[in-house]
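Down below is the structure, laid out as structure tokens.
The values are calculated or read from the model by the stated rules, or taken from the named source; none is laboratory data. If you're wondering where the values come from, they're calculated on a predicted model, not measured in any experiment. Every residue, glycine among them, receives a Cβ derived from its backbone with ideal geometry; neighbour counts consider all protein chains shown.
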């Protein structure tokens with residue numbers, strides 16, 4: 001039975017964090033109006049999306065099947081070999097980036113650049129050095145692979161669970177917004193914003209608040225499409241649940257939240273952090289069964305139901 005976990009959340013929490021009240025009226029996947037203004041761009045009818053929802057993956061599983069048959073796109077992640085050390089810190093390495101670009105899969109799927117070595121929370125000067133370095137990386141990729149779409153994993157907005165939880169109008173939230181303002185220049189240059197909204201805790205209402213705040217901030221500093229990254233396991237910072245797969249209904253909640261508020265979702269996972277090797281694909285995994293159900297509902301793909 002597929003019930004909607006959002007129905008159990010307090011009404012005031014749904015309103016405050018951008019989950020429309022009309023969602024309370026249905027357990028389906030119909031797109032509801034979002035009073036926060038953080039939802040997807042809408043067509044003139046106010047009901048349908050301006051652009052189709054994107055369901056994508058960047059899994060690392062051993063034996064992963066071809067998922068395009070379900071309407072699921074595959075996004076390439078590049079996470080090394082893009083920077084070189086210089087007198088003023090790390091900067092883009094155009095020569096190595098040229099080689100990386102030549103090795104990209106054929107097609108026009110977006111490319112995710114994962115560079116997590118810069119700190120945008122210290123001061124303006126430090127943040128600007130990071131923005132300049134990432135801008136250089138982006139410029140080099142655009143030169144080497146014209147026509148491809150690029151974005152940075154988890155860079156915009158700053159990933160911060162606890163300040164996001166404080167709520168709009170609080171001092172910590174305002175400080176977080178000020179740090180995100182430093183990223184507006186970078187946000188103008190990318191094609192897609194890829195906020196990271198991995199699962200740190202079992203608190204599902206808390207996750208919705210956190211994810212909604214991340215999406216709202218992404219939309220505040222940029223008008224680019226927002227595709228959130230979700231992980232099918234609990235984050236390794238959770239010492240009691242780390243490396244365990246999310247419960248099926250929790251995973252459903254995350255997919256449905258992505259559908260209602262974002263323009264797309266990128267599913268990541270498949271690497272055993274404890275054993276330091278890829279996990280073996282499990283066709284009967286609960287999270288995967290839920291993903292196929294979601295794909296069938298959202299993408300109207302009959303194969304996904306099989």
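Data table
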read-out	value
Number of the exception - residue 142 against (1) more than 20 Å from residue 180 (Cβ to Cβ); (2) assigned to a loop (DSSP other than H, G, I, E, B); (3) modelled with pLDDT of 95 or more	(2)
Test: residue 96 is free of Cβ contacts under 8 Å to residues at least 24 places away in the same chain and either within 21 Å of the chain's Cα centre (by Cα) or surrounded by fewer than 18 Cβ atoms within 10 Å (Cβ to Cβ) (or both)	yes
Candidate set: the range 53-85, residues that are free of Cβ contacts under 8 Å to residues at least 60 places away in the same chain and closer than 22 Å to residue 297 by Cα; chosen: the one surrounded by the fewest Cβ atoms within 10 Å (Cβ to Cβ)	66
Verdict on residue 116 being assigned to a loop (DSSP other than H, G, I, E, B), within 23 Å of the chain's Cα centre (by Cα), modelled with pLDDT of 95 or more and more than 20 Å from residue 152 (Cβ to Cβ)	no
Wholly within the range 167-282, helices (runs of 4 or more DSSP H) carrying at least 2 residues that are farther than 20 Å from residue 39 by Cβ and in contact (Cβ under 8 Å) with a residue 40 or more places away in the chain	171-181, 184-189, 248-261
Positions within the range 108-128 being in contact with a helix residue (DSSP H, G or I) (Cβ under 7 Å, 6 or more places away or on another chain) and more than 17 Å from residue 184 (Cα to Cα), in sequence order	113, 115
Residue match in the range 119-134 (condition: in contact with a strand residue (DSSP E or B) (Cβ under 6 Å, 6 or more places away or on another chain) and farther than 30 Å from residue 175 by Cα)	no
Residues (in a strand (DSSP E or B), within 19 Å of the chain's Cα centre (by Cα) and either under 30 Å from residue 284 (Cβ atoms) or modelled with pLDDT under 95 (or both)) located in the range 64-87	73, 74, 76, 77
Residue under evaluation residue 90, criteria (1) modelled with pLDDT under 95; (2) crowded, with 16+ Cβ neighbours inside 10 Å; (3) not in a strand (DSSP E or B), criterion not met	(3)
Subset of the range 139-167 that is out of contact with any strand residue (DSSP E or B) (no Cβ under 6 Å at 6 or more places or on another chain) and farther than 30 Å from residue 202 by Cβ - its residue that is surrounded by the fewest Cβ atoms within 10 Å (Cβ to Cβ)	147
